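Novice: For reference, the structure I am asking about is given below.
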Amino acid sequence: ATGNLVVIVGPMYSGKTSELISFIEIYTLGKKKIKVFKPLLDNRYNETYIVSHSNTSVKAIPINNSAEILPKLDGDEKAVFIDEIQFLDEPLREVVVEMINSGKDVYCAGLDLSYKNNPFKVTSLLMAHADTVIKKKAVCHECGEYRGTISYKIVENGGEIDVGGFEKYIAVCRDCYLKLNEKK
Ligand code: ADP
Ligand code: TMP
Ligand code: MG
Ligand code: ZN
């Protein structure tokens, strides 16, 4: 049978990496063979671990692009996990489709929107193929409501690809996002 594709999206701090780690634990507890990947670009804490903002971590294989994934598989993995998909290239879509067609479950996590409110294309593509899309929310940094759907950049610099954490980004709800952008 073919596998399932689960895509976990949401703003920063919404628990995407934590949720990915919970799914990894389910396969690990069941002694299922898995592989975990992360783009090398995300070197925030460590190059060979995926790390959540609450400091849980799991060992991962760092990759530069999606073409590196299939050659690193042994073939008998039950599931493949990929964090920070927004940093990978659009052909990740074909790689993931091939993996689910060949019977593997695939779990992907990443940002749906940049801090400029633009969708990350690779995430949108994977959401289209997903059996399940899990949309996570964060606590809004401005109003405290559990409605945070977008990341807001608190430092001035334009790059839509810009690795960082609390020193650069907050998570906010749509209302607070609009207010913050009006003020500028
Ligand atoms: P993501 O991968 O989506 O950035 P993580 O799984 O790494 O999320 O981190 C989620 C953790 O971040 C939460 O469990 C919580 O401890 C912490 N956290 C920090 N700021 C917030 C916030 N504004 N809303 C929710 N959780 C937050
Ligand atoms: P996180 O979702 O696990 O918190 O990590 C998101 C990463 O993406 C973090 O390194 C910051 C980066 N980022 C961008 O490069 N561009 C953006 O627009 C946003 C919001 C985050
Ligand atoms: Mg994360
Ligand atoms: Zn708010």
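Values in this text are rule-based calculations from the coordinates and carry no lab data. None of these values were measured; they are calculated from a predicted model. Here the Cβ is made from the backbone with ideal geometry for all residues, glycine too, and neighbour counts use every protein chain on show.
Novice: Divide by every residue of the chain the summed helix terms, -39500 (n - 2.57) for each DSSP H run of at least 4, and state the resulting mean residue ellipticity at 222 nm, rounded to the nearest 500 deg cm²/dmol.
Specialist: On the way: 4 runs with 43 residues, N = 184.
Per the formula, -7000 deg cm²/dmol.
Novice: Could you give the length gained by full extension between Leu178 and Glu68, i.e. 0.36 nm per residue of separation minus their alpha carbon distance, to one decimal place? List each step's numbers first, then the result.
Specialist: Numbers: separation 110, 0.36 × 110 = 39.60 nm, distance 3.92 nm.
Full extension of this stretch gives 35.7 nm more.
Novice: Can I ask one more? If you take the charge dipole of the range 50-184 about its Cα centre, with +1 on Lys and Arg Cβ and -1 on Asp and Glu Cβ, which of Ala171, Leu73, Thr56 is farthest toward its positive end?
Specialist: Looking along the dipole axis, the top candidate is Ala171.
Novice: Compare Leu41, Leu73, Leu111 in a GNM of the chain, Cα atoms joined below 10 Å, and give the one with the largest fluctuation.
Specialist: Leu73
Novice: When the Cα atoms of the chain are enclosed in a convex hull and the volume is divided per residue, what value in Å³ results?
Specialist: 112
Novice: Okay, next question. Distance in nm between label sites at Val155 and Glu94, each 7 Å beyond Cα in the beta-carbon direction?
Specialist: 3.6
Novice: Compute, for the range 82-156, the length of the dipole vector about the Cα centre, with Cβ point charges of +1 (Lys, Arg) and -1 (Asp, Glu) only. Units Debye, rounded to 20.
Specialist: Values: 9 positive and 12 negative charges, 55 e Å.
Rounded to the nearest 20 debye, it is 260 debye.
Novice: While we're here: Would you calculate the separation in nanometres between label points at Lys168 and Cys143, each defined as 7 Å from the Cα along the Cα-to-beta-carbon direction?
Specialist: 2.7
Novice: Can I ask one more? Report, in debye and to the nearest 20, how large the dipole of the chain comes out about its Cα centre when Lys and Arg carry +1 and Asp and Glu carry -1 on their Cβ. Before the final figure, lay out the partial values.
Specialist: Numbers: 24 positive and 25 negative charges, 79 e Å.
In debye, rounded to 20, the chain gives about 380.
Novice: I'd like the Karplus ³J(HN,Hα) series for the range 79-84: coefficients 6.51, -1.76, 1.60, θ = phi - 60°, whole numbers in Hz, and an x wherever there's a Gly or Pro.
Specialist: With coefficients 6.51, -1.76 and 1.60, one gets 8, 10, 10, 9, 9, 6 Hz.
Novice: Kirkwood Rh over alpha-carbon pairs of the range 45-115, then Stokes-Einstein at 25 °C and 0.890 mPa s: what D in µm² s⁻¹, rounded to an integer? Intermediate results must be reported in sequence, preceding the final value.
Specialist: On the way: Rh = 13.2 Å.
Result for D is 186 µm²/s.
Novice: In what order do Arg93, Arg147 fall by count of nearby beta-carbon atoms within 10 Å, going from fewest to most? Provide the component values of the computation, followed by the final result.
Specialist: Details: Arg93 19, Arg147 16.
With the sparsest Cβ surroundings first, the list reads Arg147, Arg93.
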